[in-house]
1. Considering segment 222-242 alone, what residues qualify as being near the ligand (Cβ under 9 Å from one of its atoms) and open to solvent by less than 10 Å² (accessible area, probe 1.4 Å)?
2. Would you be able to tell me the number of residues in segment 67-95 that are touching a residue at least 12 places away in the same chain (Cβ under 8 Å), closer than 25 Å to residue 35 by Cβ and in a loop (DSSP other than H, G, I, E, B)?
3. Evaluate segment 301-320: report whether one residue or more is within 23 Å of the chain's Cα centre (by Cα), of a type outside the set (Ser, Thr, Tyr) and on the phi > 0 side of the Ramachandran plot.
4. Of all the residues that make up segment 40-63, how many are among the charged types (D, E, K, R) and touching a strand residue (DSSP E or B) at 6+ places or on another chain (Cβ under 9 Å)?
5. Is it true that some residue in segment 100-111 is within 30 Å of residue 275 (Cβ to Cβ), surrounded by 19 or more Cβ atoms within 10 Å (Cβ to Cβ), touching a residue at least 12 places away in the same chain (Cβ under 8 Å) and of a type in the set (Gly, Ala, Ser)?
6. Which pairs have Cβ atoms under 6 Å, sit 6 or more apart or on different chains, and link a residue in segment 242-254 that is over 12 Å from residue 50 (Cα atoms) to one that is more than 6 Å from the ligand (Cβ to nearest atom) and in a strand (DSSP E or B)?
7. Select from segment 96-112 the residues that are assigned to a helix (DSSP H, G or I), in contact with a helix residue (DSSP H, G or I) (Cβ under 6 Å, 6 or more places away or on another chain) and not hydroxyl-bearing (Ser, Thr, Tyr) and list them in ascending order.
8. Would you please list the contacts, defined by Cβ atoms under 6 Å and residues six or more apart or on different chains, that run from a residue in segment 185-208 that is closer than 24 Å to residue 57 by Cα to a residue that is assigned to a helix (DSSP H, G or I) and within 7 Å of the ligand (Cβ to nearest atom)?
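The values are calculated or read from the model by the stated rules, or taken from the named source; none is laboratory data. Every value quoted in this text rests on a predicted model; they were computed, and no experiment measured them. Ideal geometry is used to build each Cβ from the backbone, glycine not excepted, and the neighbour counts take in all protein chains shown. For accessibility, only protein heavy atoms count, side chains too; no ligands or nucleic acids. Shrake-Rupley method; radii C 1.70, N 1.55, O 1.52, S 1.80 Å.
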Amino acid sequence: MRIEQDVKLDFKDVLIRPKRSTLASRQDVDIRREFKFKWSKNTFHGVPVVAANMDGVGTFEMARAFEENGQGLTVAIHKHYPPEEIIEFFSQEGANSVWYSLGVVERDVEKLESVMKGLKNKKGRTLDKLCIDVANGYSEPFAEFVAKIRDKYPDIVIMAGNVVTGEMTEQLLLNGADVVKVGIGPGSVCTTRKMTGVGYPQLSAIIECADSAHGLSGLVCADGGCTVPGDVAKAFGAGSDFVMLGGMLAGHAQSEADIVEESGDRYVSFYGMSSEDAMNKHAGGVASYRASEGKTVRIKFRGDVKDTLQDILGGLRSACTYVGAKTLKQLSKRTTFVRVTQQINNIFGSD
Ligand code: 5GP
């Protein structure tokens, strides 16, 4: 057994120090990024905020709203749409902004192949971004799976995760990922830290993984733990190239979720993708060898996502103005974090 004594930080442990700036207004800030990927020949140009591949967040309706927003935001659609619906969706507007999500079991590969085939037959738009996603990105078979998909689809952008340390970020990039997804345990409806004791404070995970990725011309996507627009700014300030959001985008008109009315207020239920609710809905219950690592929360219905997006992107632009970053790219170079806590006291989040 070993104990690492270095302090590791979460979003709540820091603030961004303001810096002298020549920027007069947040309107002068460009929060789009342009990326060339390590492996894929595709390029990305847009605001690098991604809706998480969760029920209630990574929906077709969300993708349509993001497309309407027009700033190049993207959505990782959840894994549970049937292939026919995905093929149909891809032949309509709104699909430019989509990451196709898959896990690593045989039926994920079969589904991907059938979607690819269906799209080819339609001779329309094809998939250009994949999000290969497992709770624990540390297993050898996962890294091998990423290599297999890279071999098969050399031109597609591959995001893969989740991990929280530099060495596994490097491994996934070397195996063919363009973007490594970072975060184990910080999610708003995640109970991994409680159930397993495993995790890593998210701000430090981003700093360490981004450093490793950028050394190999790879990118990272901070995934989980952002609860307010300032956390999104901190994630980019820490060096993340993309930021993925679940809870902050849940509970909207685009969630494709049932709205329940109670005492004049409207609510939507939001659950983790390995919660009991998700497993009951999609897998016919929790398998006997595993425990649920997600929970269900009830949140107030928040209306159209466009107002929330305006808050998030406005906050990000404002953060850039405070530190004199004319572009989002400059934000991490202009970021100095000030530590505001002495110790990590609530590692399990809000409850
Ligand atoms: P949030 O933005 O809500 O804090 O975090 C979103 C992320 O939480 C997702 O992108 C995903 O990585 C993670 N997540 C979603 N559902 C679950 C779950 O049931 N268990 C765990 N451990 N993580 C989850």
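1. Correct list: empty.
2. Counting residues in segment 67-95 that are touching a residue at least 12 places away in the same chain (Cβ under 8 Å), closer than 25 Å to residue 35 by Cβ and in a loop (DSSP other than H, G, I, E, B) gives 7.
3. Yes; the residues of segment 301-320 include at least one that is within 23 Å of the chain's Cα centre (by Cα), of a type outside the set (Ser, Thr, Tyr) and on the phi > 0 side of the Ramachandran plot.
4. Start the filter on segment 40-63 by keeping residues that are among the charged types (D, E, K, R), which leaves 41, 55, 61.
From what is left, the residues that are touching a strand residue (DSSP E or B) at 6+ places or on another chain (Cβ under 9 Å) are 55.
Number satisfying all stated conditions: 1.
5. Checked against the condition, which is being within 30 Å of residue 275 (Cβ to Cβ), surrounded by 19 or more Cβ atoms within 10 Å (Cβ to Cβ), touching a residue at least 12 places away in the same chain (Cβ under 8 Å) and of a type in the set (Gly, Ala, Ser), segment 100-111 yields at least one hit.
6. Listed pairs, sorted by first residue: 250/270; 251/268; 251/299.
7. Listed by number, the list holds a single entry, 111.
8. 185/192; 188/247
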